[in-house]
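Beneath this line is the structure, given in structure tokens, with notes to follow.
The values are calculated or read from the model by the stated rules, or taken from the named source; none is laboratory data. Computed from a predicted structure; not experimentally measured. When we count neighbours, we look across all protein chains shown, and the Cβ atoms used for this are built from the backbone with ideal geometry, even at glycine. To get the accessible areas, we keep the full protein, side chains included, count just its heavy atoms, and leave off ligands, DNA and RNA. Shrake-Rupley method; radii C 1.70, N 1.55, O 1.52, S 1.80 Å.
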Amino acid sequence: MSRISFSLQSILPQEERLAVFKSKCDLYIGIPKETSYQEKRICLTPDAVSALTSHGHRVMIEAGAGEDANYSDKEYSDAGAEITFDTKKVFCCPIVLKVEPPTLDELDMMNDQAILISAIQTKTQEPPYFEKISSKKITALAFEYIRDEDGSYPAVKTLSEIAGTASIAIASELMANSAGGKGLLFGNITGVPPTEVVIIGAGTAGEFAARAAIGMGANVKMFDNSIVKLRRMQNVLGQRIYTSTIQPKILLKSLRRCDVAIGALRGKNRTPIVVTETMLEYMKKGAVIVDISIDNGGCFESSKITTHKNPTYEVNNVIHYCVPNIPSRYAKTASVSLSNILTPYLLEIAEDGGIENSIRCNPALKNGVYFYHGILTNKSLGEWFDLPYRDINLIVF
């Protein structure tokens, strides 16, 4: 007697799966010159532009947009880009690509139903910015929200890598006599005690700060309130370092002995202050603080925002470097990193037949969308600014 087996699922009604037909489309991308203070990066390098134009896409770049990143208009022209002095013409392109979020005046120049790909920098925004995007029915994607298959945020990660590595290079410069430091060479020279470095925060920036410091021979101590992150750090660095949760007495003991302190903490809102000015009084004269987290408030009570032109100040004889947007100091490296992330996405959008199909097929891009044809689709932004929002999965499916 034969036995017939079947699953209940097989006899239940199933939803109809509609095919998504893809047909390649040509992109027309505008890259305006950055006008934000201290911003020197550009989203696409000449090599990236060449990759796009060789696939039949058009790229229009405002004259001088790449100069601060050491890319000339001729390099972009040779790569196939169209160069123009007309800013409005660039913003009228169907796709606008920027590093910094556009100003209200720049949004005014954009066409209705255009696509904007840029950073969003939530902490600097006001409701009128979102109202303008909504009124023009713009579809906007934020670098910070684009999420890879492994759950990581590639743009945030690569800029954190740069900031972490750069923090050690900056500290090394500030330790020299010419910068008002103690005249120490960062590292481990025979017969000379190694540089003592305290890193507060075991995220990506903290990891790359540790890698750079260890590579130069320093002794590193790392603090974070996440045991998981600290354990991961022990594994990924390839050697054992001193780690601890953030306990005031233990942290103070390490700060008293250190030559360099790196602030690399991140918080959901403002970065928590873990080093008070009272603790600062016990640090060595001429010690250096580089507060990477200053763009989110800073984790040292004595931290205040400085600029690339006047980057340092002293409190209790301790040198402070508190410049937000450290990657802009290394504009070419940061531009190449951003370009490497964005170029494959742009080519994928074209292969999918446009942003509509890409959002349907690519969860990473869908996560990056915070406005879809003028509709706010990001829950955190809606709650932060008290604006109505809708789940993008209920709009695009």
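Within segment 268-290, the set of residues being without any contact (Cβ under 8 Å) to a residue 40 or more places away in the chain, closer than 20 Å to GLU207 by Cβ and touching a Ser or Thr at 6+ places or on another chain (Cβ under 8 Å) comprises THR271, ILE289. Candidates PRO327, PRO344: the one that is surrounded by fewer than 16 Cβ atoms within 10 Å (Cβ to Cβ), on the phi < 0 side of the Ramachandran plot and within 19 Å of the chain's Cα centre (by Cα) is PRO344.
Looking at segment 382-396, is at least one residue under 18 Å from LYS137 (Cβ atoms), open to solvent by less than 40 Å² (accessible area, probe 1.4 Å) and under 24 Å from the mean Cα position of the chain (by Cα)? Yes, the conditions are met somewhere in segment 382-396. Residue by residue through segment 144-189, note down the ones that are β-branched (Val, Ile, Thr) and open to solvent by 60 Å² or more (accessible area, probe 1.4 Å). Within segment 144-189, VAL156, THR165, ILE189 meet the criteria. Within segment 239-271, being open to solvent by less than 80 Å² (accessible area, probe 1.4 Å) and farther than 14 Å from ILE292 by Cβ holds for ILE241, THR243, SER244, THR245, ILE246, ILE250, LEU251, LEU252, SER254, LEU255, CYS258, ASP259. CYS361 meets the conditions (1) within 24 Å of THR122 (Cα to Cα); (2) open to solvent by 30 Å² or more (accessible area, probe 1.4 Å) in every case but one. The failed one is (1). Could you grab me the full set of residues in segment 156-190 that are more than 18 Å from CYS322 (Cα to Cα) and in a helix (DSSP H, G or I)? Answer for segment 156-190, where residues must be more than 18 Å from CYS322 (Cα to Cα) and in a helix (DSSP H, G or I): VAL156, LYS157, THR158, ASN177, SER178. When you look at GLU67, is it open to solvent by less than 50 Å² (accessible area, probe 1.4 Å) and either of a type in the set (D, E, K, R) or in contact with a His (Cβ under 9 Å, 6 or more places away or on another chain) (or both), yes or no? Considered against the rule, which asks whether it is open to solvent by less than 50 Å² (accessible area, probe 1.4 Å) and either of a type in the set (D, E, K, R) or in contact with a His (Cβ under 9 Å, 6 or more places away or on another chain) (or both), GLU67 comes out as no. When segment 190-215 is examined, which residues are found to be crowded, with 16+ Cβ neighbours inside 10 Å and more than 22 Å from LEU159 (Cβ to Cβ)? Result: PRO194, THR195, GLU196, VAL198.
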